[in-house]
Amino acid sequence: MDGLNDFLDWAWARHHNPLSWYIRPLFILPFCYFAYKNSVRGMVLTIVAVTSSMFWFPAPATPDPRAVALLDIERQYIGGPLTLERIILTTLIPIWFVALAWGVRRRSWLGVAAVISSGTLLKIAWLFREAGSNAWVIIPPVALGTAVCACVLFVAHSRVHSRPA
């Protein structure tokens with residue numbers, strides 16, 4: 001167990017690197033691509049990549065104190081007691097991925113935008129509820145990631161709908 005705890009501590013320290021926060025929303029794009037191509041394997045690999053991306057970058061020498069406070073709350077949530085609220089909130093994550101894949105497969109671009117927006121807003125609302133003003137540290141990466149995803153998905157939508165029948 002010590003080896004696992006050491007790995008989790010190592011990974012969690014690296015998660016304080018803001019670069020991991022900036023790339024995570026971008027994984028929506030390959031997930032949508034694989035959903036469009038109906039590649040379950042690709043979607044699963046993308047989810048694995050999202051999960052592992054928290055430790056791709058080195059731990060910062062001096063982490064932002066707001067990031068430390070925010071991630072302490074996330075870590076308490078992950079390791080906390082199993083409550084009905086925690087079960088419901090955690091269940092929303094796979095439901096979100098299924099809804100996103102369903103929207104892409106149905107070519108419902110409005111549905112895809114709604115799923116991405118609702119997931120983003122729920123995560124931000126939860127963070128502000130739990131972490132207060134420390135949650136402001138997550139806004140730039142989330143805003144940039146959402147904007148990039150929206151632009152890329154808009155271009156994809158335009159290309160799909162501009163093809164001759």
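Values in this text are rule-based calculations from the coordinates and carry no lab data. Worth saying up front: this structure is predicted, and the values here are computed from it rather than measured. With ideal geometry, Cβ positions are generated from the backbone for all residues, glycine too; neighbour counts draw on all protein chains shown.
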Checklist outcome for this item: In whole angstrom, the spacing between the Cα centers of segment 21-50 and segment 82-137 equals 15
Item to check | Between helix 65-79 and the chain: long-axis angle, C-alpha atoms, 0 to 90°, nearest 10 | outcome: 80
Item to check | Computed helical MRE - 222 nm, the chain, DSSP H runs ≥ 4 contributing -39500 (n - 2.57), nearest 500 | outcome: -25000 deg cm²/dmol
Checklist entry - When you count, for each residue, the other Cβ atoms within 10 Å and take the mean per peptide, how do 75-82, 133-140 rank with the highest first? => result 133-140, 75-82
Next on the checklist: I want to check the label-to-label distance for residue 107 and residue 51. Put each point 7 Å from Cα in the C-beta direction and report it in nm to one decimal.
Outcome noted: 3.3
Checklist outcome for this item: In whole angstrom, largest first, the equivalent ellipsoid semi-axes that the Cα gyration tensor gives for the chain are 30, 17, 17
Checklist entry - Can you list the HN-Hα couplings for segment 93-104, worked out from phi with the Karplus curve (6.51, -1.76, 1.60; θ = phi - 60°), rounded to whole Hz and with x for Gly and Pro? => result 5, x, 4, 4, 5, 5, 5, 5, 4, 4, x, 5
Checklist entry - For residue 162 and residue 33 in the same chain, what is the full-extension length gain: residue separation times 0.36 nm, less their Cα-Cα distance, in nm? => result 44.7 nm
Item to check | segment 86-165 pair-distance distribution - Cα-Cα, 10 Å bins, rounded % | outcome: 16, 41, 29, 10, 3, 0
